[in-house]
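In what follows, a structure is listed as structure tokens, so that the remarks can point back to it.
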Amino acid sequence: MDRLQAPFLQGLRTAWENDSRRVPGIVYLHGFCSSAKSAKGVFLAERFAEIGVPVTVPELDRGDFRNTTVTQQLGLISRLTAELRPDLLIGSSLGGYLAALHAARAPDRVPLSVLLAPAFDFANRLGRSLGAATQAWQTVGQHEFFHYRTRRNEALAWGFLEDARNYEPFPDVRTETRILHGRHDESVPAGLSERFAGSRSNVDLELLDTDHQMLDKTAEIWSRVKRFHGEALAARR
């Protein structure tokens, strides 16, 4: 297997070249139109660094937003978890949905997942939110979205939505999963996480009094994620 290379990674704090020396850590997956410098990803990486835990935050689109797909991003996640064997996989919004998709497909690599406002039913909701613009996207072959990495509108090829429609809205995750979701989330309704958790005894859901970004709850998120990481370490012993 080819080694994944930086510049697609941020926050990597442990060398990979010798697996016997590598300290398992955490992989954080950012959201749609975001990047490895996402606010929550940077915050959690800094907090864990203070206690000596490495956090890897990949650029999920590999720096090529226009041509990215869910399949491409899942491939990157799969290679990354195969190499790093993290104790904990964290995903925010689309990253949370991707974490669930990956956990459903590779449960042996994901002892515990933490999903922050996971974007379940992603493809259907994206199409509905765009309305008539979805047809224009298909006709023209691209659609512009505001991208938080470049702070401007960036084109995304139609193949992204076409590919995303191939994936199940609610992945069948069997591993231990914790969800933190804002009650006032207008981007990804908390009811989606309630539906996902309701039929799965392995999923624990906590609703917080916040919105989709959850930036006013970073201290609470840190406290809970730190505890979940301790649970993941105990499970691996």
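The table that follows gives values for the structure above.
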item: Looking only at the stretch 52-81, and only at residues there that are free of Cβ contacts under 8 Å to residues at least 60 places away in the same chain and among the aliphatic types (A, V, I, L, M), the one that is farthest from ILE221 (Cα to Cα); result: LEU74
item: Subset of the stretch 225-237 (residues that are more than 18 Å from ALA49 (Cβ to Cβ) and touching a residue at least 40 places away in the same chain (Cβ under 8 Å)); result: GLU231, ALA235, ARG236
item: In the stretch 164-201, the residues that are crowded, with 16+ Cβ neighbours inside 10 Å, touching a helix residue (DSSP H, G or I) at 6+ places or on another chain (Cβ under 7 Å) and farther than 17 Å from ARG105 by Cα; result: ARG178, ILE179, LEU180, HIS181, GLY182
item: Conditions (1) in a strand (DSSP E or B); (2) over 25 Å from SER38 (Cα atoms); number of the one not met by GLN138; result: (1)
item: Condition met for ALA6 (in contact with a His (Cβ under 8 Å, 6 or more places away or on another chain), at pLDDT below 95 and either in a loop (DSSP other than H, G, I, E, B) or not basic (Lys, Arg) (or both)); result: no
item: Candidate set from the stretch 118-139 (those that are among the small types (Gly, Ala, Ser) and buried (at least 16 other Cβ atoms within 10 Å of the Cβ)); member that is nearest to the chain's Cα centre (by Cα); result: ALA119
item: Scan of the stretch 143-158 for residues that are under 17 Å from ALA123 (Cβ atoms) and surrounded by fewer than 17 Cβ atoms within 10 Å (Cβ to Cβ), ordered by number; result: PHE145, TRP158
item: Qualifying residue in the stretch 187-203 (condition: touching a residue at least 24 places away in the same chain (Cβ under 8 Å) and within 20 Å of ALA39 (Cα to Cα)); result: yes
item: Conditions (1) surrounded by fewer than 20 Cβ atoms within 10 Å (Cβ to Cβ); (2) more than 23 Å from THR150 (Cα to Cα); (3) in contact with a strand residue (DSSP E or B) (Cβ under 7 Å, 6 or more places away or on another chain): number failed by PHE48; result: (1)
item: Exclusive hit being among the small types (Gly, Ala, Ser), at pLDDT 95 or above and out of contact with any helix residue (DSSP H, G or I) (no Cβ under 9 Å at 6 or more places or on another chain), set GLY127, GLY63, GLY95, GLY131; result: GLY131
item: Residues of the stretch 117-135 classified as in contact with a His (Cβ under 7 Å, 6 or more places away or on another chain) and part of a helix (DSSP H, G or I), total; result: 1
item: Which numbered condition GLU206 fails, given (1) part of a loop (DSSP other than H, G, I, E, B); (2) modelled with pLDDT of 95 or more; result: (1)
item: Selection within the stretch 143-179 - among the aliphatic types (A, V, I, L, M), under 19 Å from SER34 (Cα atoms) and under 17 Å from the mean Cα position of the chain (by Cα); result: ALA164
item: Residues of the stretch 57-80 satisfying the condition of being of a type in the set (Val, Ile, Thr) and buried (at least 20 other Cβ atoms within 10 Å of the Cβ); result: VAL57, THR68, VAL70, ILE77
item: Residue identified as within 17 Å of ALA197 (Cβ to Cβ), touching a residue at least 12 places away in the same chain (Cβ under 8 Å) and buried (at least 21 other Cβ atoms within 10 Å of the Cβ) among LEU88, LEU94, LEU115, LEU98; result: LEU115
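For every residue, the table says whether it meets (1) within 18 Å of ASP61 (Cα to Cα); (2) not small (Gly, Ala, Ser).
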site	(1), (2)
SER113	no, no
ASN124	no, yes
ALA132	no, no
GLU144	yes, yes
ARG152	yes, yes
ALA157	yes, no
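The values are calculated or read from the model by the stated rules, or taken from the named source; none is laboratory data. Not measured: the values here are computed from a predicted model. Please note: Cβ atoms are built from the backbone with ideal geometry, for glycine as well, and neighbour counts cover all protein chains shown.
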